[in-house]
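J.: Can you keep this structure in mind? I'll have questions shortly.
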Amino acid sequence: MYLGCSSESYSQALGAGRLTLDGFIRICGEELGLRAVELEDGHIGEPTPARLAELARRPSATVSRSSTSP
């Protein structure tokens, strides 16, 4: 089991453009020492296979996706 953080925890900063998704992943992995992140669909952008593969290659943390849509 890995400790992780959801992008929802940084939703205001991500939504306002004060933090990028890459910055969120870096903070979680490098500054907080977390091994995993959960990305909400609203923070990913278009969840195409290419975009999801790009995010999963980040070295700072293991990435998982969470869908909030019905």
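J.: Only residues that are surrounded by 15 or more Cβ atoms within 10 Å (Cβ to Cβ) and in contact with a strand residue (DSSP E or B) (Cβ under 9 Å, 6 or more places away or on another chain): list them for the stretch 39-51, please.
T.: Leu39, Glu40, Ile44
J.: State which residue is modelled with the highest pLDDT when the search covers only the stretch 1-20 and only residues that are closer than 14 Å to Glu38 by Cβ and assigned to a loop (DSSP other than H, G, I, E, B). Break it down stepwise before answering.
T.: Pass one, the stretch 1-20, residues closer than 14 Å to Glu38 by Cβ: 1-11, 14.
From what's left, assigned to a loop (DSSP other than H, G, I, E, B): 1-3.
Details: Met1: 81, Tyr2: 81, Leu3: 88.
Only one residue tops the list, namely Leu3.
J.: To continue, here is another question. So is Ser64 of a type in the set (S, T, N, Q) and either at pLDDT 80 or above or under 12 Å from the mean Cα position of the chain (by Cα) (or both) or not? Before you say what the answer is, go through the steps one by one.
T.: Numbers: of a type in the set (S, T, N, Q): yes; either at pLDDT 80 or above or under 12 Å from the mean Cα position of the chain (by Cα) (or both): yes.
Considered against the rule, which asks whether it is of a type in the set (S, T, N, Q) and either at pLDDT 80 or above or under 12 Å from the mean Cα position of the chain (by Cα) (or both), Ser64 comes out as yes.
J.: Just to be sure, is Tyr2 open to solvent by 20 Å² or more (accessible area, probe 1.4 Å), touching a helix residue (DSSP H, G or I) at 6+ places or on another chain (Cβ under 7 Å) and of a type in the set (Ser, Thr, Tyr)?
T.: On the way: open to solvent by 20 Å² or more (accessible area, probe 1.4 Å): yes; touching a helix residue (DSSP H, G or I) at 6+ places or on another chain (Cβ under 7 Å): no; of a type in the set (Ser, Thr, Tyr): yes.
No.
The values are calculated or read from the model by the stated rules, or taken from the named source; none is laboratory data. Bear in mind the structure is a predicted one, so any value in this text is a computation, not a measurement. Reconstructed Cβ throughout: ideal geometry from the backbone, glycine too, with neighbour counts over all protein chains shown. Accessible surface areas use protein heavy atoms only, side chains included; no ligands, DNA or RNA. Shrake-Rupley method; radii C 1.70, N 1.55, O 1.52, S 1.80 Å.
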